[in-house]
1. Quick one: work out Rg over Rh on the C-alpha atoms of the chain, Rh as Kirkwood radius.
2. Each residue of the range 114-129 in order: what ³J(HN,Hα) in whole Hz does its phi give by Karplus 6.51 cos²θ - 1.76 cosθ + 1.60, θ = phi - 60°, with x for Gly and Pro?
3. Which percent, nearest 5, of DSSP beta bridges in the range 69-170 are antiparallel?
4. Counting only DSSP beta bridges with both residues in the chain, what percent are antiparallel, rounded to the nearest 5?
5. Starting from the alpha-carbon convex hull of the range 88-164, give the projected area averaged over all orientations, in nm².
6. Pairs of Cα atoms under 8 Å, at least six residues apart: use those to get the relative contact order of the range 139-272, whole percent.
7. Determine the per residue accessible area of the chain with all protein chains present and a 1.4 angstrom probe, expressed in square angstrom.
8. Where a Cα-Cα gap under 16 Å defines reach, which aspartates and glutamates qualify for Lys37, not counting those fewer than 8 residues away within the same chain?
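The values are calculated or read from the model by the stated rules, or taken from the named source; none is laboratory data. For clarity, every value in this text was computed on a predicted model and none was experimentally measured. Note: ideal-geometry Cβ built from the backbone for every residue, glycine included; neighbour counts use all protein chains shown. Note: accessible area is taken over every heavy atom of the protein model, side chains too, but ligands, DNA and RNA are not part of it. Shrake-Rupley method; radii C 1.70, N 1.55, O 1.52, S 1.80 Å.
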Amino acid sequence: MKVNGTTKIYGIMGKPVSHSLSPAMHNAAFQAQGLNKVYVAFEVTDVARALDGFRALGIGGVSVTIPHKQAVIPYLDAIDPVAQKIGAVNTLLIEDRHIRGFNTDWIGANQALEMIVNLPASSVLVLGAGGAARAIGFGLQEKGATVILANRTVAKGQALARDLNCEFYPLEDIKNLKIDALVNATSVGMTPNVEATPVAKAFLKNIPAVMDIVYSPQETRLLREAKQVGCKTVNGTYMLLFQGVAQFELWTGRKAPVDIMREKLFSKLELK
Ligand code: ATR
């Protein structure tokens, strides 16, 4: 990669950010298309000043990660309507010192799910009530899917279900639900608790498609058991991939080199 006087800078802001896979994925994509762009990590504490810095320095675009996805919103010049509904922004597009906020997490989740299920006609059970479940729930509704929510903590689940205007069930009461797909949007099963799973294997038998947002390990116990009982499955790496693909397309106006981004992401995860 050649960095010169006209190289445009992109990056990720978060805290911490040093372990992010996004620099490898986006730099591979920029290089593959011969774009004079580079993507770096910004560890940010002061969100307002960071955004002013991006404006002042002519940064082209920034991914936003934990803990800043909500905190950036008051400092934007404009926000995409779906990001506004979700209440979280993971992508900044900066043109002429004007910062627009988007959310591509829901786009990533929808595209990953569409590998295994036809969303517009489907009812999808989303497990969880945190930021991930919120983005995925609103995103599924954008696609015309019917969302059903389940969560361990009832009050938190009911609060999100009210915002989504959808049905809610406590996690222990989902046994008899008839659904087309299940999405685990909790952290259950993530390294190091790899033997944890959010639902019993017996429940998975009648579900055609199962997605896990957890990508470490790539095959969680949930996905292993889902495969064993014959469900189609997709792992969390694809959500990560497709949210990055959507960012690339926002920043460049081009179709992303998806295969190159996927290979880079998968090879980085295997090294971990
Ligand atoms: P994020 O913003 O990344 O989605 P979060 O806000 O911490 O993260 O939400 C984590 C989700 O995982 C919550 O829905 C949480 O359930 P509670 O609301 O009951 O806390 C869920 N979760 C985490 N650990 C869990 C466990 N051991 N069993 C069931 N649900 C769990």
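1. Radius of gyration relative to Kirkwood radius: 0.98.
2. Using θ = phi - 60°, the values come out as 5, 5, 10, 8, 8, 5, x, 9, 9, 9, 10, 8, 9, 8, x, 8 Hz.
3. Rounded to the nearest five, the antiparallel share is 30 percent.
4. About 20 percent, rounded to the nearest 5.
5. Mean shadow area of the hull around the Cα atoms is 5.7 nm².
6. For the range 139-272, the relative contact order is 15 percent.
7. 47 Å²
8. Partners found: Glu95, Glu249.
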